[in-house]
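Peer 1: Provided herewith is a single structure, encoded as structure tokens, for subsequent inquiry.
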Amino acid sequence: MQNRPAIVAVGRTKFGEHYEKEPEKLIEEAWLKASKDADVERKNLEACYLSDYFLPITNKLGLEEGFLSELTELHVPMEVTRSFSSALSNACNAIQAGKYNIVLVGGIEKMTDRWDKIRDDLMLLEDPWSYYAGCTPEANHELMLRAYIKKHGIKGENIEKLNTALAQVSVKNHLHAMKNEHAQYQRKITVEQVLNARKEAHKPLGIYDYAPISDGAATLILTSEDVAKKFTDKAVYILGASSATDYLTFPARNNMTHFLVAEIAMKNALKMAGINLWDMQIVELYDQSTVMEMISLEDLGFCESGKAWRSIYESCKDYKGYYEIDGKKLFVNMNGGLKADGNPLGATGGAQVFEVFRQLRDEAGERQVKSDKELRYGCILELEGFGTKGYVYIFGRNKK
Amino acid sequence: MSSEPIERRVSYLGDRLMGRRCRICGKEYFEVKDYCGNCGRKSFGKMADIDLFYEKGKLEICTLVNEPTNKFTKFGSYIYGIVSFHDSKIHVPGRLTDRLTKCDEEIDFSAFEGKEVVPRFRRRYSVDRGDVIPTISLAFTLAEEYYPHQKYAIIKPSKEYDTPGIVGYGVYISRFRIKEGNIERSVPFIDEDAITAAVEAGKLALIHSGVDGSLVGKVYVGSESNPYAVKPIASKVAQVLKLGESDEDVQGVDAIDTEFACKAATSMFKDAASLVSYPKSNIQYAMIIGADNSQAAPRDCPGGELDLFVGFGGCAYIFGKHDVIAEIEGWYSCTSDTPDFWRRDGEPYPMHGGRFTGDPAYFKHVRKSAGKLMERLNLQVGDINYFVAHQPNVQFPVKIAKELGFKEEQYLPSLQVAKFGNTYSGSSPVGLAAVLDVAKPDERILVVSYGSGAGSDAYSLVTTSQILNKRERQKLTVKYQSENPFLEYVDYTTYRRLKLGM
């Protein structure tokens, strides 16, 4: 592939409850950090691609581009989409087409400003008919788990193992987040806590199974392959990028035990990157729930359908920092995932890219993965809605 | 504020659960799609209308929602899941209704999964008091419980009668009861109201009569608890039950709400009978529904005495001249301006005149219309097999029956107030239904309604032989609903909460 887009810098805020800050302040902070990272100045930017899932609803903010223009004094083209991955997709297209050489990609969300209505908003946007029927953002995850258990005939002792494995996903992500200074929850939790929360809620999944609502922003600076060299000799390249779309109404989909969009996007992204699945050692998954992390391992092809929970269970008995799947190591959600790092929707994908970028450049500090072989490739999976859209990006450190 | 256009579109699809089937590949959609996703352009014009309103589905998977989204908080906890229809060709989301689920209840989901469920027309969720009331049929109950699945088969009439009369009827009483002393009263579930009860009753009447809904030319809904001061219940009934010919999204039917306290429905019997008899009306059938979530102030407030008697439910009758089960032999109505019971506009609960509601009101008017009708038709008490009166409490109908000379075997079969409470506009219609459930051919029924304000309608009906054949079509009889093993009894606090609704 010609002219691969290169990431030269990343920046992000801490994710969490930023009650005192306007949304613009968060994106400003993330941008300034990225700007400093690679010494990119405002005047270098030829365009901005931004994302927020529902800032116009949560903050009654229309035309976010205008706010950003006021903030940066920039009058370049700016476009707003819903997820960081979709903003990145537009940025990649523009770079590859040769239209621009340096662009800013940013994501922002301010969910706590509307904490009391956020679940209604989320559910209505995600799947209106299910909302009308009484669905909650959590219920779809639980139904997916029910469907998974039924489809794969998981019974008796194995149900307990599956439930434990899902709890371990959360425990593992919290463990990772302890080394992430940007994470919303930098604290350890135990399997017992996760299981007790389910018991207290009288539900298959409890509070520790779900990602929180968060405020936060993340940015990156994307350049063309040649221009990247001016800023850094450690650029991270986008080798593969793909997305797919599925029905809005979850019950209307053919298969309720996986996300078709993740499967399609991964296949196409791998083809584009020209690498094999297991060339990748680091993956940032979209764990809105522990079920999503488990199912995504299957959708992306790392685990066979119906078997991810076994690999998780076995890997987490004595967790060494990675999942061991058929003898191979996979580092998953090193930043703590959505569960512990936080999930400010429009910015979440930015934090995922941030993590892979740092890891591939050996800049992840305490949470730097210790791989037996050279760490060359990583990928992210970002979903919009409840699997209505799925984006996969494959990143590579060295130019192939 | 809600969006009325969105409301209209959502309830247009959701109340009836409408969809389309591709005639080429058979794929089904819960959506009125003009073309099939599989077949593309060639499927234009080849999409058949389907709806799931009279179907039964299967609850595929479910979970407990005990922290609902804001608009659902009044439900508390409920079971939510995915329901399949037509051998899994179509899947819809849905919640189980008519179930008081505790938020800390340990639920074995597998006990529900795989069960047959019936879609129920209900309120969707709560909105501000001034907003349009959202409705939906993505609410389900288990077919094996209180409300069984019943097919709606349109049956071609075999006989035309000279005299118009009742062609079919349906009684809908909710699953919940409050029991105090010797009286049991029906209590709506939190998502029920006079609108949902009217639709349910109408649906059951269509099932019982086998009448093609598109031949119903007029629908009257009598109620004194319409949640709207302005906006008819009858329009919802016409739309959801697809009465009259359907032309795009408009029904070729006249629909009107009537109000005269508890006689709002019975008053229209003669109008319906006249309408179907007038040759130029082009109306073959007319439907009359009496439905109420009978209102009463809390017990310690003015008007709170009514709280001991009020019930909930609806009763629908279809009138026509084909396959009649009970011919109307004659009627007599009387009216006087007697303020024995009233509710001012904007007030939530009615007031009543204490002892003034007795002799100068109920008894005077019932006595007058019953007496005059018997006189006109030259009927003696012995010529009448069953006597049905309006039932505001247990004492009144018994007292007037005895005064008119009726014996227990004549008036007891209709007496339902001790089982359901006073269903206001549905009261004497439910009593009549209880009699029609058991009457033999060629029996005479005298039904006398009473509406405060005040007036009374007396009708004399004579059953035909067709009453027996049609009986088999209705599982939800009065007896079935009063002696159902799945009845759920609630305490006073729960009763008030459910009755207040969303």
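Peer 1: When you go through (1) of a type in the set (Lys, Arg); (2) surrounded by fewer than 19 Cβ atoms within 10 Å (Cβ to Cβ); (3) under 24 Å from the mean Cα position of the chain (by Cα) one by one for residue B:344, which number turns out not to apply?
Peer 2: (3)
Peer 1: Can you confirm whether region A:11-22 contains a residue that is assigned to a loop (DSSP other than H, G, I, E, B), out of contact with any strand residue (DSSP E or B) (no Cβ under 9 Å at 6 or more places or on another chain) and surrounded by fewer than 21 Cβ atoms within 10 Å (Cβ to Cβ)? Lay out the reasoning, then the answer.
Peer 2: The initial filter retains those residues of region A:11-22 that are assigned to a loop (DSSP other than H, G, I, E, B), namely A:13-15, A:17-22.
Filter once more, so that each one left must be out of contact with any strand residue (DSSP E or B) (no Cβ under 9 Å at 6 or more places or on another chain): A:20.
From what's left, surrounded by fewer than 21 Cβ atoms within 10 Å (Cβ to Cβ): A:20.
Scanning region A:11-22 turns up at least one residue that is assigned to a loop (DSSP other than H, G, I, E, B), out of contact with any strand residue (DSSP E or B) (no Cβ under 9 Å at 6 or more places or on another chain) and surrounded by fewer than 21 Cβ atoms within 10 Å (Cβ to Cβ).
Peer 1: Right, here's the next one. So, in region B:134-164, of the ones that are assigned to a strand (DSSP E or B) and among the β-branched types (Val, Ile, Thr), which residue ends up farthest from residue B:71 (Cα to Cα)? Steps first, answer last, please.
Peer 2: Keep residues of region B:134-164 that are assigned to a strand (DSSP E or B), which gives B:135-142, B:160-164.
Remaining after also requiring among the β-branched types (Val, Ile, Thr): B:135-136, B:141, B:163.
Values: B:135: 13, B:136: 14, B:141: 21, B:163: 50 Å.
The residue in question is B:163.
Peer 1: Further question on the same structure: What do you reckon, is residue A:68 at pLDDT below 95, buried (at least 21 other Cβ atoms within 10 Å of the Cβ) and more than 14 Å from chain B (Cβ to nearest Cβ)?
Peer 2: On the way: at pLDDT below 95: yes; buried (at least 21 other Cβ atoms within 10 Å of the Cβ): yes; more than 14 Å from chain B (Cβ to nearest Cβ): yes.
Judged against the criteria, residue A:68 is a match.
Peer 1: Out of region B:308-359, which residues are in a helix (DSSP H, G or I) and of a type in the set (D, E, K, R)? Give the derivation first.
Peer 2: Filtering region B:308-359 for residues in a helix (DSSP H, G or I) gives B:308, B:354-359.
Hits for region B:308-359 are B:355, B:359.
Peer 1: Quick one: is residue A:214 away from every other protein chain (no Cβ under 14 Å), in contact with a strand residue (DSSP E or B) (Cβ under 8 Å, 6 or more places away or on another chain) and closer than 23 Å to residue A:397 by Cα? Step through it out loud before you land on a result.
Peer 2: Details: away from every other protein chain (no Cβ under 14 Å): yes; in contact with a strand residue (DSSP E or B) (Cβ under 8 Å, 6 or more places away or on another chain): yes; closer than 23 Å to residue A:397 by Cα: no.
Here the answer is no, as residue A:214 does not meet what is asked.
Peer 1: Can you tell me how many residues within region B:186-214 are polar (S, T, N, Q), within 27 Å of residue B:74 (Cα to Cα) and either modelled with pLDDT under 95 or assigned to a helix (DSSP H, G or I) (or both)?
Peer 2: 1
Peer 1: When the residues of region B:134-148 are filtered to those that are under 18 Å from the mean Cα position of the chain (by Cα) and buried (at least 17 other Cβ atoms within 10 Å of the Cβ), which remaining residue is farthest from the other protein chains (Cβ to nearest Cβ)?
Peer 2: Taking region B:134-148 first, the residues under 18 Å from the mean Cα position of the chain (by Cα) are B:135-137, B:139-141, B:146-148.
Filter once more, keeping what is buried (at least 17 other Cβ atoms within 10 Å of the Cβ): B:135-137, B:139-141, B:146-147.
On the way: B:135: 10, B:136: 6, B:137: 10, B:139: 8, B:140: 9, B:141: 14, B:146: 20, B:147: 18 Å.
Looking at the filtered set, the residue picked out is B:146.
Peer 1: Only one of (1) within 26 Å of residue B:240 (Cα to Cα); (2) within 14 Å of chain A (Cβ to nearest Cβ); (3) under 29 Å from the mean Cα position of the chain (by Cα) is not met by residue B:4, so which one is it?
Peer 2: Among (1) within 26 Å of residue B:240 (Cα to Cα); (2) within 14 Å of chain A (Cβ to nearest Cβ); (3) under 29 Å from the mean Cα position of the chain (by Cα), residue B:4 violates only (2).
Peer 1: Restricting the search to region B:37-65, which residues are touching a Lys or Arg at 6+ places or on another chain (Cβ under 6 Å) and either facing chain A (nearest Cβ under 7 Å) or assigned to a strand (DSSP E or B) (or both)? Working first, answer last.
Peer 2: Our first condition is that a residue be touching a Lys or Arg at 6+ places or on another chain (Cβ under 6 Å); within region B:37-65, this holds for B:38, B:46-48, B:50-51, B:53, B:59, B:61, B:64.
Hits for region B:37-65 are B:47, B:48, B:50, B:51, B:59, B:61, B:64.
Peer 1: Now a separate question. Scan region A:364-400 for residues that are closer than 29 Å to residue A:140 by Cα and assigned to a strand (DSSP E or B) and report the count. Before the answer, list the steps.
Peer 2: Pass one, region A:364-400, residues closer than 29 Å to residue A:140 by Cα: A:378-394.
Subsequent filtering for residues that are assigned to a strand (DSSP E or B) retains A:378-384, A:389-394.
Counting residues in region A:364-400 that are closer than 29 Å to residue A:140 by Cα and assigned to a strand (DSSP E or B) gives 13.
Peer 1: Here are some conditions: (1) charged (D, E, K, R); (2) more than 14 Å from chain B (Cβ to nearest Cβ); (3) under 24 Å from the mean Cα position of the chain (by Cα). Residue A:160 meets all but one. Which one does it not meet?
Peer 2: Condition not satisfied by residue A:160: (3).
Peer 1: Let me confirm something: among B:93, B:119, B:68, which residue is assigned to a loop (DSSP other than H, G, I, E, B) and buried (at least 23 other Cβ atoms within 10 Å of the Cβ)? Let's see the steps before the verdict.
Peer 2: Numbers: B:93 fails: assigned to a loop (DSSP other than H, G, I, E, B); B:119 fails: assigned to a loop (DSSP other than H, G, I, E, B).
Exactly one of B:93, B:119, B:68 is assigned to a loop (DSSP other than H, G, I, E, B) and buried (at least 23 other Cβ atoms within 10 Å of the Cβ), namely B:68.
Peer 1: While we're looking at this one, here's another question. Taking helices (runs of 4 or more DSSP H) that fall entirely within region B:394-502, which contain at least 1 residues that are of a type in the set (A, V, I, L, M, F, W, C)? If you could, list the steps in order and put the result at the bottom.
Peer 2: Numbers: elements: B:395-404, B:408-411, B:417-420, B:427-436, B:466-471, B:478-482, B:492-500.
Qualifying helices (runs of 4 or more DSSP H): B:395-404, B:417-420, B:427-436, B:466-471, B:478-482, B:492-500.
Peer 1: Another question, then. Of these, B:419, B:364, which one is of a type in the set (Lys, Arg) and under 29 Å from residue B:501 (Cα atoms)?
Peer 2: On the way: B:364 fails: under 29 Å from residue B:501 (Cα atoms).
The match here is B:419.
Peer 1: Which condition from (1) touching a residue at least 60 places away in the same chain (Cβ under 8 Å); (2) under 30 Å from the mean Cα position of the chain (by Cα); (3) more than 8 Å from every other protein chain (Cβ to nearest Cβ) is the one that residue B:75 breaks?
Peer 2: For residue B:75, the exception is condition (3).
Peer 1: Being of a type in the set (D, E, K, R), under 30 Å from residue B:293 (Cα atoms) and modelled with pLDDT of 95 or more narrows it down to one residue among B:408, B:403, B:443; which is it?
Peer 2: Values: B:403 fails: under 30 Å from residue B:293 (Cα atoms); B:443 fails: under 30 Å from residue B:293 (Cα atoms).
Selected residue: B:408, the only one of B:408, B:403, B:443 that is of a type in the set (D, E, K, R), under 30 Å from residue B:293 (Cα atoms) and modelled with pLDDT of 95 or more.
Residues are listed down the side, and each one gets a yes or a no for (1) of a type in the set (Gly, Ala, Ser); (2) under 30 Å from residue A:200 (Cα atoms); (3) over 27 Å from the mean Cα position of the chain (by Cα):
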{"site": "B:15", "(1), (2), (3)": "no, no, no"}
{"site": "B:19", "(1), (2), (3)": "yes, no, no"}
{"site": "B:34", "(1), (2), (3)": "no, no, yes"}
{"site": "B:52", "(1), (2), (3)": "no, no, no"}
{"site": "B:58", "(1), (2), (3)": "no, yes, no"}
{"site": "B:62", "(1), (2), (3)": "no, yes, yes"}
{"site": "B:71", "(1), (2), (3)": "no, yes, no"}
{"site": "B:79", "(1), (2), (3)": "no, yes, no"}
{"site": "B:97", "(1), (2), (3)": "no, yes, no"}
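Peer 1: Determine whether region B:108-116 contains at least one residue that is part of a strand (DSSP E or B), farther than 30 Å from residue B:275 by Cα and outside the structural domain of residue B:290 (by TED's automatic domain parsing). Reasoning before the result, please.
Peer 2: Of the residues in region B:108-116, the ones part of a strand (DSSP E or B) are B:116.
Checking the rest, the ones that are also farther than 30 Å from residue B:275 by Cα come to B:116.
This time we only want the ones that are outside the structural domain of residue B:290 (by TED's automatic domain parsing), so: B:116.
Yes, because at least one residue in region B:108-116 is part of a strand (DSSP E or B), farther than 30 Å from residue B:275 by Cα and outside the structural domain of residue B:290 (by TED's automatic domain parsing).
Peer 1: Condition first: closer than 21 Å to residue B:439 by Cα and more than 23 Å from the chain's Cα centre (by Cα). Now tell me which residues in region B:312-336 satisfy that.
Peer 2: Selection gives B:329, B:330, B:331.
Peer 1: For region A:176-293, list the strands (runs of 3 or more DSSP E) that sit wholly inside it and hold at least 1 residues that are closer than 30 Å to residue B:30 by Cα; which are they?
Peer 2: Working: elements: A:215-223, A:236-245, A:280-284.
Result: A:236-245.
Peer 1: If you take the residues in region A:368-400 that are modelled with pLDDT under 95 and basic (Lys, Arg), which one is farthest from residue A:10 (Cα to Cα)?
Peer 2: My answer is A:373.
Peer 1: Restricting attention to region A:110-157, which residues are of a type in the set (A, V, I, L, M), outside any helix (DSSP H, G or I) and facing chain B (nearest Cβ under 7 Å)? Full working, then the answer.
Peer 2: Applying the first criterion (of a type in the set (A, V, I, L, M)) to region A:110-157 yields A:111, A:118, A:122-125, A:133, A:139, A:143-145, A:147, A:149, A:154.
From the residues that got through so far, the ones that are outside any helix (DSSP H, G or I) too are A:111, A:133, A:154.
If the condition is that a residue be of a type in the set (A, V, I, L, M), outside any helix (DSSP H, G or I) and facing chain B (nearest Cβ under 7 Å), then A:133 is the only one that fits.
Peer 1: In region B:78-125, what count of residues is obtained for those that are among the charged types (D, E, K, R) and either within 10 Å of chain A (Cβ to nearest Cβ) or in contact with a Ser or Thr (Cβ under 7 Å, 6 or more places away or on another chain) (or both)?
Peer 2: Initial filter on region B:78-125 (among the charged types (D, E, K, R)): B:87, B:89, B:95, B:98-99, B:102, B:104-106, B:108, B:113, B:115-116, B:120, B:122-124.
From the residues that got through so far, the ones that are either within 10 Å of chain A (Cβ to nearest Cβ) or in contact with a Ser or Thr (Cβ under 7 Å, 6 or more places away or on another chain) (or both) too are B:95, B:98, B:102, B:104-106, B:113, B:120, B:122-124.
Result for region B:78-125: 11.
Peer 1: Only one of these is within 26 Å of residue B:207 (Cβ to Cβ) and surrounded by fewer than 16 Cβ atoms within 10 Å (Cβ to Cβ): B:407, B:479. Name it. Explain how you work it out, then say what you get.
Peer 2: On the way: B:407 fails: within 26 Å of residue B:207 (Cβ to Cβ).
None of the other options fit; the residue is B:479.
Peer 1: Collect the residues in region B:365-386 that are in contact (Cβ under 8 Å) with a residue 60 or more places away in the chain and not β-branched (Val, Ile, Thr), keeping them in residue-number order. Outline the logic, then answer.
Peer 2: Step one: of region B:365-386, the residues in contact (Cβ under 8 Å) with a residue 60 or more places away in the chain are B:365-366, B:368-370, B:372-374, B:377, B:379, B:383-386.
Answer for region B:365-386, where residues must be in contact (Cβ under 8 Å) with a residue 60 or more places away in the chain and not β-branched (Val, Ile, Thr): B:365, B:368, B:369, B:370, B:372, B:373, B:374, B:377, B:379, B:383, B:385, B:386.
The values are calculated or read from the model by the stated rules, or taken from the named source; none is laboratory data. Just so we're clear, the structure is a prediction, and the values are computed from it rather than from any experiment. Every residue, glycine as well, gets a Cβ built from its backbone with ideal geometry; the counts of neighbours run over all protein chains shown.
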